[in-house]
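Worksheet: one structure, shown below.
The values are calculated or read from the model by the stated rules, or taken from the named source; none is laboratory data. Treat the numbers as computed from the prediction; the structure is a model and nothing was measured. Cβ placement follows ideal geometry from the backbone for every residue including glycine, while neighbour counts extend to all protein chains displayed.
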Amino acid sequence: MSKIAASARVHPLAVVEDGAIVGENAVIGPFCHVGPHVTLGDGVELLNNVVVAGRTTIGKATRIFPFAAIGGDPQSVHHGGEETTLSVGERCTIREGVTMNTGTSGGGGKTVVGNDNLFLANSHVAHDCQLGNHIILSNNVMLAGHVHVADRAILGGGCAVHQFTRIGRQAFIGGLSAVSYDVIPYGMLNGNPGILGGLNVVGMSRAGIERSVIHVVRRAYKQIFEGEGSVRANAAAIRDEYVDCAEAMEILDFIAVESDRALSSPNRGSKG
């Protein structure tokens, strides 16, 4: 039997399958379908014509708009029906036509979406993606499988992100960009193929980062990407110089991590 809180409101034209859990003050509108392994947190709202399937958990106060399909099987030829999951955090807004898939057994089995994220119409989060908090995916953004997006990144309309790519914290991706390589924290990438065009200075300022700190990070950026050596060699060579600047160290740590993808740079891609 389903476990539906007494304060929840379920429209008579909605289907909530046996086994589903629906929290306090949740609202399920007409023509919604909630699967048997779904958990909807307190205050979740499915407006109408929403499908939530699979082993999916939706965090409290998240709103999902019409024709979104959340928790469907991963779009992977390697998926054999394993019991994988999707977790969506609290206070997210998921607009019309958004799709999110569960994970795959070969990718850890979990797709994870953090809190306070905004997904605009027809954006897609594929299997095994890992998303942080306060992220914006604009209309028609496409994340392939295994993509990692850190906190407060903004992805412009229609951009496409290659599988296994990492996008660092507070990075900005321009509309219609092709993201084939990792994007550093605070990086700003545009174009097809995507080219790193500097730092997201406006975003850094809006986040309260002092101008003096931004100048330090810009100096580090120039040393990394305009130095004579490879990107990774340049980054390793300057670490001691920036130990007192958390933002610069965040970029250096990001570069130092082994990754399946190359690094975006002003020259499109660099193996470092």
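Among residues of the range 1-22 that are more than 20 Å from Ala61 (Cα to Cα), those with a beta-carbon under 6 Å from a residue that is at pLDDT below 95 at least six positions away or on a different chain give the pairs Asp18/Met1; Asp18/Ser2. Just wondering, is there one or more residues in the range 16-27 that are assigned by TED's automatic domain parsing to the domain that holds His134, in contact with a Leu (Cβ under 6 Å, 6 or more places away or on another chain) and surrounded by fewer than 17 Cβ atoms within 10 Å (Cβ to Cβ)? No, because not a single residue in the range 16-27 is assigned by TED's automatic domain parsing to the domain that holds His134, in contact with a Leu (Cβ under 6 Å, 6 or more places away or on another chain) and surrounded by fewer than 17 Cβ atoms within 10 Å (Cβ to Cβ).
Looking only at the range 57-78, residues that are of a type in the set (Ser, Thr, Tyr) and closer than 16 Å to Asn115 by Cβ come to 2 in all. Against the list (1) in contact with a strand residue (DSSP E or B) (Cβ under 6 Å, 6 or more places away or on another chain); (2) small (Gly, Ala, Ser); (3) closer than 17 Å to Leu176 by Cα, the condition Ala121 fails is (1).
Considering the range 202-235, the residues that are β-branched (Val, Ile, Thr) and buried (at least 16 other Cβ atoms within 10 Å of the Cβ) include one that is nearest to Ala256 (Cα to Cα), namely Val231. The condition of being part of a loop (DSSP other than H, G, I, E, B), buried (at least 24 other Cβ atoms within 10 Å of the Cβ) and touching a Gly at 6+ places or on another chain (Cβ under 7 Å) holds for Gly103. Condition check for Ala68 on (1) under 25 Å from the mean Cα position of the chain (by Cα); (2) crowded, with 17+ Cβ neighbours inside 10 Å; (3) farther than 19 Å from Asn122 by Cβ: one failure, at (3).
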